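In what follows, a structure is listed as C-alpha cells, so that the remarks can point back to it.
What follows draws every value from the coordinates through simple rules; no lab data is involved. Computed from a predicted model, the values in this text were never measured in an experiment. Don't worry about glycine lacking a Cβ; one is built from the backbone with ideal geometry, like all the others, and counts go over all protein chains shown.
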Amino acid sequence: AQKITQTQPGMFVQEKEAVTLDCTYDTSDPSYGLFWYKQPSSGEMIFLIYQGSYDQQNATEGRYSLNFQKARKSANLVISASQLGDSAMYFCAMRGLGTGNQFYFGTGTSLTVIP
Amino acid sequence: DVKVTQSSRYLVKRTGEKVFLECVQDMDHENMFWYRQDPGLGLRLIYFSYDVKMKEKGDIPEGYSVSREKKERFSLILESASTNQTSMYLCASIEDRSSGNTIYFGEGSWLTVV
C-alpha cells in the first residue's frame, strides 16, 4: 500500500528564517518519485521540487531543498529564508512505477510566515 | 507551456442535479485524474484514466462517474449531487510512466451543493 503522511497540520515561521515541513511515506515500489507542491489561497497547485528514489544527492531548487532519508522513508521540505509569499498549503506526494501512474498525496501542511 | 483547463471555476448546484465538470489538457498526456480536496483530508483520488475510453476507480468513486471520449478531455459527472459533495475538485494529467514526470493540475473547481 502507498501512503504519505504529513503530521504538521499548521506551521508558523518568522520571515527570513528557515522552516522544515515533514513528510514520511510508505511504498512497496522499488522505484518511486517524491514531490512537493505549494497551494496558495487562490487554489492552483504549484510544483516545487522532485526527488527520485535512486538519486544520490538531495534535490535543491532555489530556496527549496528536499532532505531525503531513504532508510527512514522521509522526504522533508526545507524552505530557507522564508518570505511572506511562502504562506500557503504544502503537499507532499509520491508516485511509483508500479502503481498505475497514480500520485498519492499527504493531507498537507499550512505554513504561515510571520513578518 | 503546459495547460490543464477546468471549464468552471465556481459552481452552485441544487441537491439532486446532474453536474458536469469538464477538464481539457493540451499536452497530449495519456493519463488524467480527478481529485477532490477537503480541509484536513488532502487530495483524494476519485477516478483516473490512462487512455481514451478507459477509466479506473480511485479511492472515493461513489457518487461519481467519468467520461473520456477524447484524449484531451476528461469529464467528471455527479449523477445526483448531494451536499456532501460540496468540495474543491482538481483535474490533473501526467505524461507517462516515468516516476520523474510531475503531475499538472488545473486551477480547480469550487462546487457548492445546496
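Worth pointing out:
- Chain B, relative contact order [Cα under 8 Å, separation at least 6], %: 36 percent
- Cβ-placed point charges (K, R +1; D, E -1), dipole of chain B about Cα centre in debye, nearest 20: 360 debye
- With viscosity 1.306 mPa s and temperature 10 °C, the Kirkwood radius over alpha carbon pairs of the range A:9-51 converts through Stokes-Einstein to a diffusion coefficient of 121 µm²/s.
- If R0 is 41 Å, the Cβ-Cβ spacing of A:Gln57 and B:Phe20 corresponds to a FRET efficiency of close to 0.35.
- Per residue, the average separation of C-alpha pairs within less than 8 Å and at least 6 apart gives chain A a relative contact order of 37 percent.
- Total lysine pairs whose alpha carbons fall under 16 Å of each other in chain B (8 or more apart, or interchain): 5
- Descending semi-axes in Å of chain B, equivalent ellipsoid built from Cα gyration tensor: 23, 14, 13
- The protein assembly as shown - Rg (one decimal) and Dmax (whole number), Cα, Å: 17.6, 53
- Considering only B:Leu45, A:Ser87, B:Thr102, the residue lying farthest towards the positive end of the dipole of the protein assembly as shown is B:Leu45, judged by Cα position with unit charges set on Cβ.
- Distance cut-off 19 Å, percentage of C-alpha pairs in the range A:40-115 lying past it: 41 percent
- Backbone HN-Hα couplings from phi across the range B:103-109 [Karplus 6.51/-1.76/1.60, Hz, Gly and Pro as x]: 8, 10, 10, x, 7, x, 10
- Cβ-based charge dipole, chain B, positive-most Cα from B:Ser93, B:Phe74, B:Pro61: B:Pro61
- Database remark: amide H of B:Ser8 closer than 5 angstrom to the amide H of B:Glu22 (H placed geometrically; neighbours at sequence offset of 5 or more, or on other chains; Pro and chain starts carry no H).
- Straight-line cross-link partners of A:Lys70 among the lysines, defined as a Cα under 24 Å from its Cα and at least 8 positions apart when in the same chain: A:Lys3, A:Lys38.
- Derived scalar couplings ³J(HN,Hα) [the range B:87-94; Karplus, 6.51 cos²θ - 1.76 cosθ + 1.60; whole Hz; x for Gly, Pro]: 5, 9, 10, 10, 9, 8, 8, 9
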